[in-house]
Amino acid sequence: MEWHSISGGETLRRLSSDPSQGLPAAEAARRLEKEGQNQLEQKKRSNLLLRFLAQFKDFMVIALLVAAGISAVTALLDGSGEYLDALIIVGIVVVNAITGVIQENRAERSLEALEKLSAPAAEVLRGGKRLRIPAVQVVPGDVIFLETGDLVPADARLLEAVQLSCQESALTGESTPAKKEADAVFPAGTAPADRRNMLLSSAVVLTGHGRAVVTATGMDTHVGKIAGLLNRETAPQTPLQQRLEKVGKQLGTGAVLICGAVFALGLLQHVPLLDSFLLSVSLAVAAIPEGLPAMVTVVLSLGVQRMAKQNAIVRRLPAVETLGCATVICSDKTGTLTQNKMTVTQMTTADGTRPLSEAEARRVLQLAALCCNASVQGSGRRPVLTGEPTETAIVGAAAEQRIPVMRDRESFPRSFEQPFDAKRKRMSVVCRFPEGRKLIVKGAPDVLLVRCSSAERQGRLVPMDDRLRQQILAQNEAMASRALRVIAVAVSEVPEHTKSNLAPEDNLTFCGLIGMSDPPRREAKAAVRTCKKAGIVPIMITGDHIVTANAVARELGILEAGDTRGSLTGAQLDRLDDGALKEKLDTCRVFARVTPEHKMRIVKALREQGHVVAMTGDGVNDAPALKAADIGCAMGRSGTEVAKGAADMILTDDNFATIVGAVAQGRGIYDNIKKAVHFLISSNIGEIVAVFFASLLRFPVPLLPIQLLWVNVVTDSAPAIALGTEELDKHIMERPPKSVKQSFFSGALGVHMALEGLLMGAVTLLAFVLGRRVLGGPDDIPLGRTMAFCVLSFVEIAHANNMRSPRSLLAIGPFSNPRMNFANLLCVGLQLAVVSIPPLAVVFGAVPLSALQWLTVAALSLMPLAVMEVEKMAAALDRRRRRRKGVRLAAEV
């Protein structure tokens, strides 16, 4: 039922309520039983065990568990009792599962915060008596009373309103207080922000008092519908999660196929069953980069720490990288792109626009400040203001111009006040000046101008003729077209014999027009420009009026000057089907007067078009869209707890520009994770090559499962993490976003990884052959495995350094990344320890090496790095040659 479209009396009749008696206690109890308590429903959450078990659905994890099972069965069948390999694999899987639960177990505080918004108590009329009851017991049909400072307990239709205004910006997106009118009736379909005869649950009463009849409670309220959207919406997978899931499936499938092929090959070659099992386990361990999940988590965590220092707190780790793929940023206007603070930006008198610092403008500000009830402490650029936003804007502007507002009120005391109301559209005060009493009036320009018989012009009074009146009205329209809220100021002399409360509001002298707006943040324009340069489309989605939204959007550069097709209202949006909306999204950059459902629809439509959507906002009305977006960014200072709870990231300085820095960090983190994945997978290909070709050549297994686990988990992980700390490319925000569909292996990366893996596998297998046949005894398998183990570890450490940049190490500086230097020393030291310390050597099946054997290991380990450095240098020379050729051709043209 659209209660705003009928009168208060009709609302009472339909709800079977009495304006003077309220509901009988028995009827209220019956309705409470039927409708339920006035509170929000909680979404049922999975228990901890189910969330933990869900971590084992990943294909790569299943493959690892199968490998652990095979290893345990092998140990059981051969009677060795060596279950260490299986235990290590299971331990890795369990640790990764615990990490996943911790990441996913971010507190779902959105609904809890919505409940905190609900009023704890309400004053109702029951059986003719005014009672104060818990807000959860309020039912439809209850007559409620509201005073300044109250929290509205439920949606309600106003019956009486005296100077009543509410703060609803967090619910509707409307930046200014909503002034309420009990007698008004609005058409069906009117946007919530324009229903001035309705009260919204969880709104705050700023001024006045009123009486209303409750029309909806709990989940049926406006805020309840937002809670329902949050309940139904699930956060989408991030691009990183999608890519890693795809990589995991590819690696897991590859591991199963290779293991099956090798096991079948072993049977065909009449290899003993236990040996075939051992070889299959080795291949499974070699094929899967066990350190990949931990590496990604650590790299993302390091990125989170960097972003926290730049005022961006990340609540969900994969969201860091998602920012780097963002193609659209949907931003709320109020409090996000603007300051959420009304500010005087223009002063116009009968002489035209005047600077605020001029004497004529200062006089208008002084008079307007005397006709305000807002208070100010201090002066200059940052006075402390309290009061209604329009009045604080006027008083603040006066204070900034060093006008002593509070002292003026003492020097020119007020003897009469007639407050502003929606019918009069003006406020009047009578103040005593040394030269006599003056009536000061401020209000709507069209209302005041008809009451003016003169105007101040160049310090003297001139008659207000039709030409001058039209000139001033044209100035008013020009200011309003730029989304300025315009207040007119007029004054008149009050004869001493006139009673103060009968001061006539005619024959006024026009003083000036004061234009004010919620100004854009200083840094927002540059941030929008940077977004466009980076290939990111900024879109404004707001509950505010379309004229205001368009003006702000043009000032920021979101909307081009003269663009009349780039904006839509919520009402226009309702008339579009999904297909038409998607067409409009190609050109539309501003959506105004929208509801939470509209915001959700826009975000989902963008995502269906393949966009990666970041959504910024601070209000309760933003929360569902924040959760539906690929990444939600809430404001930390002005943001509601609901918005913060639904968001992936919180901007602690409420600065739209901070998201631009976060996007750059996200892109850099993606680049670094891609380097680390490249490193890990190419290294695993090297391990597969060594083990697989050994089986084809009917060699003994060159690497034991525990040796491969050591390499994958220990000596690979530290260099991979160090790769994640490489400095960002300084041109990172001058390139378009990465496509979500783009694979980790695009751009011939898969070919590069295969070739690098072949090279590393070849030198590892060569080390095994040299140790087994040349540098040791007649068939010294332990020595061969030890040399292969060391070469594999050291060649992968060297390869990590090679992965730092497509440029030569000599060009970027081989020691320019301190964390990589530390990783190199740590991993080399650990590898030397497991080979040289006897108890550890026994566990890892290693034997001591001679000086010649160590030299051979060193030479083989550095060989791939040398080859790749030569290839990089050749590529650099080719690039330079092509650049010179291009310059020469350009000069000839």
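A few remarks follow.
- When L728 is tested against (1) of a type in the set (A, V, I, L, M); (2) closer than 21 Å to T327 by Cα; (3) open to solvent by less than 30 Å² (accessible area, probe 1.4 Å), just one condition goes unmet, and that condition is (3).
- Single condition A178 does not satisfy, out of (1) open to solvent by less than 20 Å² (accessible area, probe 1.4 Å); (2) in contact (Cβ under 8 Å) with a residue 40 or more places away in the chain; (3) aliphatic (A, V, I, L, M): (2)
- Qualifying residue in the stretch 11-31 (condition: surrounded by 12 or more Cβ atoms within 10 Å (Cβ to Cβ), modelled with pLDDT of 90 or more, within 40 Å of the chain's Cα centre (by Cα) and among the hydroxyl-bearing types (S, T, Y)): no
- Some residue of the stretch 879-886 being modelled with pLDDT of 70 or more, within 22 Å of R804 (Cβ to Cβ) and surrounded by 14 or more Cβ atoms within 10 Å (Cβ to Cβ): no
- For the stretch 551-570, the set of residues classified as open to solvent by 100 Å² or more (accessible area, probe 1.4 Å) and either touching a residue at least 24 places away in the same chain (Cβ under 8 Å) or touching an Asp or Glu at 6+ places or on another chain (Cβ under 8 Å) (or both) consists of E555 only.
- Some residue of the stretch 664-672 being of a type in the set (S, T, N, Q), more than 21 Å from P520 (Cβ to Cβ), open to solvent by 20 Å² or more (accessible area, probe 1.4 Å) and over 14 Å from the mean Cα position of the chain (by Cα): no
- Scanning the stretch 315-344 for residues that are within 27 Å of K741 (Cα to Cα) and either hydroxyl-bearing (S, T, Y) or at pLDDT below 80 (or both) yields R315, R316, L317, P318, A319, V320, E321, T322, T327, S331.
- Wholly enclosed strands (runs of 3 or more DSSP E) of the stretch 435-550 bearing at least 3 residues of a type in the set (D, E, K, R): 436-443
- Close pairs (8 angstrom Cβ cut-off, 6 or more residues apart or separate chains): surrounded by fewer than 24 Cβ atoms within 10 Å (Cβ to Cβ) and among the aromatic types (F, W, Y) in the stretch 678-694, part of a helix (DSSP H, G or I) and modelled with pLDDT under 85 anywhere: F692/I258; F692/V262; F692/L283
- Residue satisfying condition, being open to solvent by less than 30 Å² (accessible area, probe 1.4 Å), modelled with pLDDT of 90 or more, within 27 Å of A178 (Cβ to Cβ) and β-branched (V, I, T), within set V430, V441, V376: V441
- When every residue of the stretch 701-721 is checked against the conditions, none turns out to be open to solvent by 20 Å² or more (accessible area, probe 1.4 Å) and among the charged types (D, E, K, R).
- For the residues S816, S836, S850, S805, the requirement of being out of contact with any Cys (no Cβ under 8 Å at 6 or more places or on another chain) and open to solvent by 70 Å² or more (accessible area, probe 1.4 Å) singles out S836.
- Applying a threshold of 6 Å to beta carbon distances and a minimum spacing of six or more residues, or different chains, the list of pairs starting in the stretch 17-41 at a residue that is within 14 Å of G127 (Cα to Cα) and ending at one that is in a helix (DSSP H, G or I) reads P19/L12.
- Residue in the stretch 218-230 that is modelled with pLDDT of 80 or more, of a type in the set (A, V, I, L, M, F, W, C) and either within 16 Å of A154 (Cα to Cα) or open to solvent by 10 Å² or more (accessible area, probe 1.4 Å) (or both) present: yes
- Here is the figure for the stretch 318-343: residues that are within 14 Å of the chain's Cα centre (by Cα) and assigned to a strand (DSSP E or B) total 4.
- Just one of (1) open to solvent by 70 Å² or more (accessible area, probe 1.4 Å); (2) within 24 Å of Q163 (Cα to Cα) fails for C371. It is (1).
- Of the residues screened, P736 is not one that is assigned to a loop (DSSP other than H, G, I, E, B) and surrounded by 23 or more Cβ atoms within 10 Å (Cβ to Cβ).
- Set side by side, the residues V364, V447, V384 differ, and just one is under 23 Å from L473 (Cα atoms), of a type in the set (V, I, T) and surrounded by fewer than 18 Cβ atoms within 10 Å (Cβ to Cβ), which is V447.
- Count of the stretch 786-823 residues which are at positive phi and charged (D, E, K, R): 0
- V711 being part of a loop (DSSP other than H, G, I, E, B) and in contact with an Asp or Glu (Cβ under 9 Å, 6 or more places away or on another chain): no
- Scanning the stretch 654-665 for residues that are at positive phi, of a type outside the set (K, R) and in a loop (DSSP other than H, G, I, E, B) turns up at least one hit.
- Test: residue in the stretch 765-788 that is in a helix (DSSP H, G or I), open to solvent by less than 50 Å² (accessible area, probe 1.4 Å), within 22 Å of M868 (Cα to Cα) and of a type in the set (S, T, Y): no
- S638, sole failed condition from (1) at pLDDT below 75; (2) crowded, with 24+ Cβ neighbours inside 10 Å: (2)
- Residues of the stretch 577-617 classified as more than 22 Å from M649 (Cα to Cα), open to solvent by 40 Å² or more (accessible area, probe 1.4 Å) and outside any helix (DSSP H, G or I), total: 5
- Of the residues examined, C633 is not one that is surrounded by fewer than 23 Cβ atoms within 10 Å (Cβ to Cβ) and in contact (Cβ under 8 Å) with a residue 12 or more places away in the chain.
- Helices (runs of 4 or more DSSP H) contained in the stretch 344-423 and holding at least 2 residues closer than 30 Å to Q470 by Cα and either touching a strand residue (DSSP E or B) at 6+ places or on another chain (Cβ under 6 Å) or without any contact (Cβ under 8 Å) to a residue 12 or more places away in the chain (or both): 359-370, 389-400
The values are calculated or read from the model by the stated rules, or taken from the named source; none is laboratory data. Keep in mind that what you see is a predicted model, and the values were worked out from it rather than measured. Virtual Cβ from ideal backbone geometry, glycine too; neighbours counted across all protein chains shown. Areas reflect the complete protein model, heavy atoms only, side chains present, ligands, DNA and RNA absent. Shrake-Rupley method; radii C 1.70, N 1.55, O 1.52, S 1.80 Å.
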